[in-house]
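Single-structure report; data block below.
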Amino acid sequence: MLVTVNALPLAVGVLLSCSTTLGEISVYGRLTLAITWAFTQLVVLVGGTWWYENRAVSSFEPASATTTASRPAGGAW
Amino acid sequence: MTTHLLSVGAPDLIGTAARGAVISAFLVFIGLCLLWVFTLATQDDDPERLYVAGRSLPPVFNGVAMAGEQITVVILVSLPGAIALFGYDGVSTAVDSALALGVFLLLAPRIRATRRYTLGELFSLRAEGPGVRIAGAVVTLCIAVPLLMVQLRAGGITTALLIGMPSERAQVVCTVLMGFLVTCFAGVADLRGTSFVQVAKVPVALVTLAAVTVLALRFFDWSPGSLLSAALDKSVSPGGYLSPGLWEHSAGGGPLGTLSDHIVVILGTAMMPHLLLRVSAGRDVPAARRSLSVAVGLTGLFYLLLITTGFAAAAVVGSGRIGAVDAKGQGAPILLASEVLPHHSTGRVVLITLVACVAFLAVLTAVASVTFAAAVSVTRDLPGRKGRARIGIGEPAVLRLAVVALCVASLLLTTAVHRYPIEFLLAFSLGLAATCVFPAVVYSFFWTGFNRRGLLWLVYGGLSLCTLLTLASPAVSGTRYALLPEQDFNLFPLHTPGLISVPAAFLLGWLGSTRPWERTTHRRHTAPGPASARSAPAARVDSGKDAVSG
């Protein structure tokens with residue numbers, strides 16, 4: 001999933017860096033599409049990694065929680 | 001040439017009044033730093049503790065150290081300069097360098113699950129024998145030595161600029177002195193020792209970059225929009241500053257050249273041997289993944305600050321002045337630090353000294369990390385371990401000798417070619433990592449049919465192709481910024497070979513492993529037999545998958 005989240009922005013970023021016509025489209029004031037997209041890529045990378053880490057941790061935790069819950073409170077059978 | 005341009009103006013970036021104080025504070029810092037470094041020296045003889053800190057580094061600590069691996073002196077001084085001079089093209093390179101850690105994040109848990117930490121050992125996942133280990137060591141050395149040369153040279157140039165003597169001779173002297181100090185550190189430290197220095201470097205670098213940017217914003221009423229507008233107005237091409245195509249180096253090859261640069265920077269940065277070693281220092285697979293997540297966050301912040309520093313340098317100093325000091329803009333951070341506070345103020349001296357200290361720490365750690373990883377590969381992957389044990393030379397002694405030999409060789413080579421622009425060696429080094437390491441690691445993890453022949457074809461074929469294409473590229477001849485500008489034998493139009501060499505390496509790996517022409521001949525003459533013996537190593541790789549997915 002991390003690949004999908006980053007692959008699309010990367011593909012668009014590569015396209016924008018290869019095409020001056022597309023890259024120089026004005027987005028806001030003097031900000032161009034190319035530079036705005038570059039910052040977006042950075043944000044998506046950091047956000048995607050944070051989400052990936054949280055997902056990996058939470059997918060590990062239910063298993064241990066289940067294991068803990070299935071045990072008797074006193075720890076004996 | 002960079003050196004030529006540097007010596008033309010002989011600019012004094014920080015002024016005579018501040019120079020004495022800056023140099024004194026810088027020397028005190030170096031002395032304290034070396035004292036601290038020598039307390040980190042290890043007498044441990046256990047190879048596992050020496051190479052990967054006994055796989056005991058806490059995840060956050062290791063993650064910060066991994067972020068520190070990205071803060072090299074070349075990145076620190078070249079990228080803000082490239083952004084200040086070429087705008088978007090520099091930003092694009094910075095973003096690619098950050099994205100590389102995202103690629104590494106996908107492979108790191110698998111690498112950690114194998115418990116292998118040199119390229120030779122990783123290559124042995126599906127292919128046995130000393131030839132495979134030697135191939136790993138050869139690739140590691142071919143990546144490391146050019147990288148060390150570029151780092152040492154950047155360190156020398158930066159120090160010469162700081163002390164106000166950017167002449168060719170001063171640069172060589174500074175390079176040799178820096179190289180000597182770094183060799184002393186690399187010769188005594190282990191992975192744990194370098195980790196402590198990396199961890200100390202990260203906050204210092206982030207705070208310094210943030211301070212420089214905030215002080216620059218003060219000139220523009222704290223408005224980032226006004227700062228960006230000023231950067232555009234003071235750039236060499238206000239109309240094209242925030243669009244692709246201003247950097248002649250990357251724009252020269254057209255869209256294909258840009259695509260090749262993306263491939264090389266992203267895949268090459270992700271596959272550096274010192275990162276493989278670093279990820280193996282984590283306790284287990286989840287710890288390695290967590291380290292990478294921490295590293296991605298810090299690296300993202302670092303590159304964001306680096307980009308703002310580049311724009312701030314263009315806005316405050318101006319692209320023209322930055323380009324006059326150095327054609328590649330390596331003086332940009334120092335110029336910015338010397339301009340954001342009033343002359344003759346103590347704060348200015350402190351700020352310039354901080355920049356100098358970060359640059360020194362960046363040289364120290366970058367060179368030590370790369371050298372250490374290469375020396376570990378030499379110690380473990382090259383043949384002769386049994387012979388060395390018989391005559392009583394242990395692995396730690398071989399490691400120390402290899403570290404010193406690598407540092408000295410790189411320093412001698414850097415000094416010998418000081419008249420030439422060798423910055424293209426960084427792209428060559430990244431190109432080699434992208435071509436020889438990335439396809440081999442991907443095949444080793446995801447294709448059970450990958451075997452010894454495929455690996456050797458991939459590694460040596462990729463190495464040869466990468467070298468030949470670089471030699472025939474505009475980075476070596478035919479352009480004014482080439483290694484040999486007077487010569488013209490650039491038959492290959494792209495500056496970096498990645499667009500051709502990476503797919504070619506994948507193809508060579510597949511051809512060598514499957515040999516479709518022999519299979520056709522074999523089918524003609526014999527009936528199909530049982531599966532080959534390559535399933536044995538494959539099973540070993542697959543055994544690590546459970547750990548990764550868990």
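Taken together, the values in this text are just the output of simple stated rules run on the coordinates, not laboratory data. The structure displayed is predicted, hence computed values, not measured ones. Cβ atoms come from the backbone with ideal geometry, glycine included; neighbour counts cover every protein chain shown.
Once you sort the root eigenvalues of the Cα gyration tensor of the protein assembly as shown as a ≥ b ≥ c, which label holds: rounded (a/c under 1.5), prolate (a/b larger than b/c) or oblate (the other case)? Judged from the Cα gyration tensor, the protein assembly as shown comes out rounded (a/c under 1.5). Ranked by how many other Cβ atoms sit within 10 Å of their own Cβ, fewest first, the residues B:357, B:407, B:33 fall in the order B:33, B:357, B:407.
Comparing Cα centroids, the stretch B:398-423 and the stretch B:262-309 end up 26 angstrom apart.
Given +1 on the Cβ of Lys and Arg, -1 on the Cβ of Asp and Glu, and no further charges, what dipole in debye does chain B carry about its Cα centre, rounded to the nearest 20?
For this selection, approximately 1680 debye.
Find the centroid of the Cα atoms in the stretch B:143-162 and in the stretch B:67-90, then give the distance between the two in whole Å. Between the Cα centre of the stretch B:143-162 and that of the stretch B:67-90, the gap is 14 Å. In terms of other Cβ atoms within 10 Å, B:264, B:60 run from fewest to most in the order B:60, B:264. Considering all C-alpha pairs of the stretch B:70-179, those separated by over 16 Å amount to 72%. Across peptide B:81-91, the average count of Cβ atoms from other chains found within 10 Å of a residue's Cβ is 2. Angle check, please: helix B:395-416 long axis (alpha carbons) against the longest principal axis of chain B (alpha carbons), in degrees 0 to 90, nearest 10. So the helix axis and the longest Cα principal axis differ by about 50 degrees.
Shape call for the stretch B:130-191 from the C-alpha gyration tensor, a ≥ b ≥ c root eigenvalues: rounded (a/c under 1.5), prolate (a/b greater than b/c) or oblate? Here the stretch B:130-191 falls in the prolate category.
Binning the C-alpha pair distances of chain B at 10 Å intervals from 0 yields a P(r) profile of 4, 18, 29, 26, 15, 6, 2, 0, 0 %, listed from the shortest bin outward. Applied to the stretch B:362-368, the Karplus parametrisation 6.51 cos²θ - 1.76 cosθ + 1.60 on θ = phi - 60° returns per-residue 3J(HN,Hα) values of 5, 5, 4, 6, 4, 5, 5 Hz, with x for Gly and Pro. Shape of the stretch B:9-118 from the C-alpha gyration tensor: oblate (a/c of 1.5 or more and a/b not above b/c, with a ≥ b ≥ c the square roots of its eigenvalues). By how many degrees, between 0 and 90 and to the nearest 10, does the Cα long axis of helix B:16-39 differ from the longest principal axis of chain B? Helix B:16-39 sits roughly 30 degrees off the main axis of chain B.
Kindly provide the helix-only [θ] at 222 nm of chain B, computed as the sum of -39,500 (n - 2.57) over DSSP H runs of four or more divided by all residues, to the nearest 500 deg cm²/dmol? So the calculated ellipticity at 222 nm is -24500 deg cm²/dmol. Mean silhouette area of the stretch B:279-329, derived from the convex hull of its C-alpha atoms and averaged over all directions, reads 4.7 nm².
The angle between the Cα long axis of helix B:88-114 and the main principal axis of chain B comes to about 40°, on a 0 to 90 degree scale. Residue by residue, the stretch A:32-40 carries 3J(HN,Hα) couplings of 9, 4, 4, 6, 5, 5, 4, 5, 4 Hz when phi is fed to the Karplus relation 6.51 cos²θ - 1.76 cosθ + 1.60 (θ = phi - 60°); x denotes Gly or Pro. Scanning residues 5 or more positions from residue A:32 or on other chains, those with amide H under 5 Å from its amide H are A:27, with H placed 1.01 Å from N in the peptide plane.
One Cα centroid belongs to the stretch B:110-128, the other to the stretch B:483-516; the line between them spans 25 Å.
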